[in-house]
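Following: one structure in structure tokens, then a few remarks.
Please treat every number below as a calculation from the coordinates, not as lab data. Nothing here was measured: the structure is a model prediction, and the numbers come from that model. A quick note on method: Cβ atoms are made from the backbone with ideal geometry, for glycine too, and the neighbour counts reach across all protein chains shown.
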Amino acid sequence: MKVLFISAEVAPYSFIGGLAQVSFFLPRALKKLGVDIRIFTPKYGTFNEKLYPTQMVYQGLKVPTGEKPDSGYPQELICNIKTLKVQKKDEPVVYFLENMEYYEKRANVYNYSDDHIRFGLLSRAALEFVKKHEFIPDTIHANDWHSSYILNYLRHSYQDNPTLKKIATLLSIHNLYHGISFDHDHASEMDFDDGKGSLASFFSDRFLKQNPLKRGIVNADIINTVSRTYAHEILTEEYAPYLYNLFRELRGKLFGILNGLDYQEFNPSSDKIIKKNYSSSNIRPRQENKSDLQQEFGLNLSPRTPLLAFYGRLDGQKGLDLILETIDFVLTELDVQLVIVGSGDDYYRDFFSSLEKKYPGRVGTHLMFDSSLPKKIISGADILLMPSLFEPGGIVAMEAQRYGCVPVARSTGGLADSIENFDSLSHKGTGFTFRTYSAMGFMTAIVRALETYHSPNIWNKIIVQAMKKNFSWDNSAHQYLELYQKTCKFRSLALLSRPHFDFSKL
């Protein structure tokens, strides 16, 4: 099986969020299964050439823009393709797309007014490279809207190419609405994009207004989300208000696969970032990590006081409105401490800054990105607050459980799939969950957790059960391999022009 994995960000070369982690770990797990998987990603201006020296694979790749000769815009953009000079046998080949104007001059991965051109270029360059290179994939695996363009190009601009038309496609949706530069949800009737037909030329106004994710959904052979629950949720108006009807129409080719966790990277028994290492067979050193965390955030050194924490984007998606609505009551009526780490919306930053001043010694904050803090938090805090409005994958919940930090979370998306709600009768479970997005539901889950915390034997059992859960990428990789095989079967059937094929029978 040959797979071209196309992604806007890939750790450690470009790292903004969860997509970069998936793009790093999943291909490696698939390569262990014998998949010849290769990654295609831009080479941004922040790429560290000294740390990761590269070599030329293809120089002067001409990528069509779709513009006409009299448009005043270039008909082609010139790119280079490079790979790492030192290629480890157990790691996938990474193809880096070079273009000075659209990647190397840019300090950031996202949030430019011409992102639609930058990522349209990524997709079309990948196909032009496949046309001219010896690596012909069986399946192209696109991720989120940034690489969804490739699915449309493949079926409309390259449909007559005898080699490319045979390539099967998988679209992974990590976050349905994150980062699209044009407001497709509230587009006028004139700007509405039905997701069908060919893409406009790069520099036309119409190209910006065409919805790449919708077009990817329409043209992909198979679609998956990063959890089974999220795959069901996006069939509803609540979670996909402008796309749920399309998902319902195509539900036969919609699947859910929970993300994994790299057990070497996230291993509390050998992690060099945390103060004291520990394991599920000896959790006592966690207490020293808790004291270290209290000291670092200026909290009172109180070993038996429950230490609650939140880390992540300061964004409404993360359920911060519920924290704002309940936290004063929690801090006033209950003996707890709170640590907040994250960057984002100034409204939330200001609130948590004032909260720290209001409750000295009980609330600590670090309102900017710091890559070392998340592991310190989950190795020392007792409870991680995750009242998310929606959470497609929920990798953070897996990381927390791996380190014995008990999640209090809304049962949505990947959180529902990865957290086992604690049962007070059987004492089984790895966290405390609530369903309805409300302050009352969140508050009830917090109280349940705190009541259980004060029964140390039961609480320690929850910690051990959480640490023993298996979130290995190996599990996810096997499921993705099955999906790749499904995509190839469907592509073969589609080429035979069978109009009403039942996807569920694949």
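Using r as the Cβ-Cβ distance of D160 and I458, and R0 as 51 Å, what FRET efficiency do you calculate, to the nearest 0.05?
Between D160 and I458 the formula returns 0.20.
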**OP:** Can you pull the one-decimal nm distance between simple spin-label points at E134 and S372, each 7 Å off the Cα toward Cβ?
**Re:** 4.6
Original post:
Among N175, N143, S113, whose Cα sits farthest toward the positive end of the charge dipole of the chain (+1 at Cβ of Lys/Arg, -1 at Cβ of Asp/Glu, about the Cα centre)?
Top reply: N143
Subject >> Prolate/oblate/rounded label for the stretch 286-467 (Cα gyration tensor, a/c 1.5) >> reply: rounded
Subject >> Of I462, S438, A416, farthest towards positive along the dipole that unit charges on Lys, Arg, Asp, Glu beta carbons give the stretch 286-467 >> reply: I462
**OP:** Apply the membrane-span-like helix rule to the chain: whole DSSP H runs, Cα extent along the own long axis of at least 24 Å, mean Kyte-Doolittle hydropathy at least -1.0. List the helices found.
**Re:** 115-132, 473-495
Original post:
Could you put V464, V396 in order, starting from the residue whose Cβ has the fewest other Cβ atoms within 10 Å?
Top reply: V464, V396
Subject >> Burial ordering of S148, S113, fewest other beta-carbon atoms within 10 Å first >> reply: S113, S148
Subject >> Extension gain from N282 to A439, taking 0.36 nm per residue of separation minus the Cα-Cα distance >> reply: 53.0 nm
Original post:
Measuring from label point to label point, each 7 Å out along Cα→Cβ, what is the Q264 to E101 span in nm?
Top reply: 4.1
Subject >> Sequence of C405, C488 once ranked by neighbouring C-beta atoms within 10 Å, starting from the fewest >> reply: C488, C405
**OP:** Please state the charge dipole magnitude for the chain, taken about the Cα centre, from unit charges on C-beta atoms (+1 on K and R, -1 on D and E), reported in debye and rounded to the nearest 20.
**Re:** 1780
Original post:
Based solely on its DSSP helices, what 222 nm [θ] is calculated for the chain when runs of n ≥ 4 H residues each add -39,500 (n - 2.57) and the sum is averaged over all residues, nearest 500 deg cm²/dmol?
Top reply: -10500 deg cm²/dmol
**OP:** Find the relative contact order for the chain and round it to a whole percent, using C-alpha pairs within less than 8 Å whose residues are 6+ positions apart.
**Re:** 13
**OP:** Note down the relative contact order for the stretch 107-261 as a percent, whole number, built from C-alpha pairs under 8 angstrom at least six residues apart.
**Re:** 22
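What does the extension gain come out to for K68 and S426, with contour length at 0.36 nm per residue minus their alpha carbon separation?
122.0 nm
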Original post:
Can you work out D for the chain in µm² s⁻¹ from Stokes-Einstein, where Rh is the Kirkwood radius over C-alpha pairs, the temperature is 20 °C and the viscosity is 1.002 mPa s?
Top reply: 89
**OP:** Please find the FRET efficiency linking D346 to I78, where r is the Cβ-Cβ separation and R0 is fixed at 41 Å, and quote it to the nearest 0.05.
**Re:** 0.50
Original post:
Can you give the relative contact order of the stretch 370-468 as a percent, counting alpha carbon pairs under 8 Å and 6+ residues apart?
Top reply: 25
